[in-house]
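Nothing in this text is a laboratory measurement; each read-out follows from the coordinates by a stated rule. Just so we're clear, the structure is a prediction, and the values are computed from it rather than from any experiment. Cβ placement follows ideal geometry from the backbone for every residue including glycine, while neighbour counts extend to all protein chains displayed.
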Amino acid sequence: MTPTLFFWKTPSSTVCGKQAKFDIPWVRLGYVDFAYELETPNPLGMSSGNYLGALTYTVGPNADFDFGDVMLPNSSSLTLNFNLDVRHTLKVEIPPGGEQVQLVPVGGWQSWLQAGRRPVSLLRDQIFNISASSRFKMFIGCGPGINGECALEDPEVNRRVELFVFVSLPNGITDLSGQPVRRLRLKSGGGNAQYFKPGFYVDRAPGTLHFEVPPHSMANMLRPGEGRGGRYSGVVVVYWDSDI
């Protein structure tokens with residue numbers, strides 16, 4: 001008996017049949033190997049979890065795997081069990097010191113200190129690095145707040161001014177409609193969350209948080225002739241949440 005190895009490629013949508021060119025008086029298959037390609041949904045669009053499934057083929061004459069009428073298998077069925085583990089990444093890195101944000105006017109404080117010209121607004125951008133492979137949402141928490149917005153407070157005079165927070169995300173992460181995320185307003189509370197999705201795996205790409213005291217709050221924050229500058233502070237908690 002001469003051992004022989006052979007193989008062929010089977011199309012996915014049609015029957016693949018091979019006809020022997022001559023009679024083989026006696027043959028025994030010691031083993032049968034096969035390979036397959038599993039087509040799945042885009043893993044980036046799948047939720048994290050363990051996906052289980054099974055596919056059963058029949059073996060024997062006129063079955064899925066048919067080796068001829070005289071080659072009878074020991075078992076008439078073959079079951080493939082699948083266990084797919086999908087684990088997504090959502091990681092945000094803030095540079096050292098990035099948790100302390102100091103807002104300043106464009107061009108600094110000189111116009112106010114020297115000429116009493118009130119700044120149009122107070123601004124600060126804070127860079128962060130994000131890695132993401134699945135959808136996530138963002139929202140903020142505030143302390144203190146005012147009119148449903150985050151706020152900065154001068155506790156000595158019990159005065160608060162609104163603080164707006166915006167986010168810009170790197171290329172590859174869009175909103176759910178597929179639009180780039182550029183200075184998108186974040187609101188307080190999980191009910192006001194903004195949702196995002198990566199088009200591909202994003203690895204440590206830079207995004208930006210934009211903090212701003214808007215122009216309409218500056219008149220209440222800085223009042224010429226008061227004789228004091230005041231010190232405003234507040235807390236903003238930014239949530240990146242993959243459990244949506």
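Which of the peptides 45-51, 231-237, 8-14 is most tightly packed, and how do the rest follow, going by the mean number of other Cβ atoms within 10 Å of each residue? Let's see the in-between values first.
Working: 45-51: 11.9, 231-237: 13.9, 8-14: 7.1.
By packing density, highest mean first, the sequence is 231-237, 45-51, 8-14.
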Checking the cross-link filter: which aspartates and glutamates have an alpha carbon closer than 17 Å to that of Lys91, excluding same-chain neighbours under 8 positions apart? Glu99, Asp203, Asp241, Asp243
Using a Gaussian network model of the chain with C-alpha springs under 10 Å, which one of Glu37, Glu93, Glu156 is most mobile by mean-square fluctuation? Glu37
For the chain, with only Lys/Arg (+1) and Asp/Glu (-1) charged at the beta-carbon, what is the dipole magnitude about the Cα centre, in debye rounded to 20? 960
Relative packing of 177-187, 133-143, 19-29, which averages over residues the other C-beta atoms within 10 Å, highest first: 133-143, 177-187, 19-29
Go through the chain and flag any cysteine with no other cysteine's C-beta closer than 4.7 Å, please. Cys16
In debye to the nearest 20, the charge dipole size for the range 136-203, taken about the Cα centre with +1 at each Lys and Arg Cβ and -1 at each Asp and Glu Cβ, equals 300
Name the residue from Phe7, Leu52, Tyr36 whose Cα lies farthest towards the positive end of the charge dipole of the range 1-86, charges +1 on Cβ of Lys and Arg and -1 on Cβ of Asp and Glu. Phe7
If you count, for each residue, the other Cβ atoms within 10 Å and average over each peptide, how do 199-212, 159-172, 55-68 line up from highest to lowest? 159-172, 199-212, 55-68
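Would you mind working out the magnitude of the charge dipole of the range 19-110 relative to its Cα centre, with +1 at each Lys and Arg C-beta and -1 at each Asp and Glu C-beta, to the nearest 20 Debye? Present the calculation step by step, with values, prior to reporting the outcome.
On the way: 4 positive and 10 negative charges, 39 e Å.
Computed about the Cα centre, the dipole is about 180 debye.
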Farthest towards the positive end of the dipole of the range 91-244, among Gly143, Gln110, Gly190 and with Cβ unit charges of +1 on Lys and Arg and -1 on Asp and Glu, lies the Cα of Gln110
Assertion target for Met221, Met71, ordered by fewest C-beta neighbours within 10 angstrom first, is Met71, Met221
Please give the net charge around Pro198, taking every other residue with its beta carbon less than 12 angstrom from that of Pro198, where Lys and Arg add +1 and Asp and Glu add -1. 0
